[in-house]
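What follows is a single structure, written as structure tokens, with notes after it.
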């Protein structure tokens, strides 16, 4: 078995790269895992339940349905807002 020693600079460079990768992965996980239900989105966007229902029916906002419960990913809400749909379909 061969053992290779790292210099201090090589070791620090590897640690820095690991820290950068950890930050990128953490941000992706954080954004993907945030999920809202109807009441959360109504409160966040200050819209009525009917407006939110209309947005779902017309494809303005993406959602997932599990049983009778509807969920929205944070990223999907941000995408909708970036497209400017919130002002076009305001309550």
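Values for this structure:
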| read-out | value |
| --- | --- |
| Boolean, residue 39 is modelled with pLDDT under 95, surrounded by 10 or more Cβ atoms within 10 Å (Cβ to Cβ) and within 21 Å of the chain's Cα centre (by Cα) | no |
| Strands (runs of 3 or more DSSP E) wholly inside the chain containing at least 1 residues that are out of contact with any helix residue (DSSP H, G or I) (no Cβ under 9 Å at 6 or more places or on another chain) | 35-37, 64-66 |
| Selection within region 42-62 - in contact with a strand residue (DSSP E or B) (Cβ under 8 Å, 6 or more places away or on another chain) and loosely packed, with under 13 Cβ neighbours inside 10 Å | 44 |
| Some residue of region 63-70 being touching a strand residue (DSSP E or B) at 6+ places or on another chain (Cβ under 7 Å) and either surrounded by 14 or more Cβ atoms within 10 Å (Cβ to Cβ) or modelled with pLDDT of 95 or more (or both) | yes |
| Lone qualifier among 62, 13, 50 - being within 18 Å of the chain's Cα centre (by Cα) and on the phi < 0 side of the Ramachandran plot | 62 |
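The values are calculated or read from the model by the stated rules, or taken from the named source; none is laboratory data. Since the model is a prediction, treat every value here as computed from it, not as a measurement. Don't worry about glycine lacking a Cβ; one is built from the backbone with ideal geometry, like all the others, and counts go over all protein chains shown.
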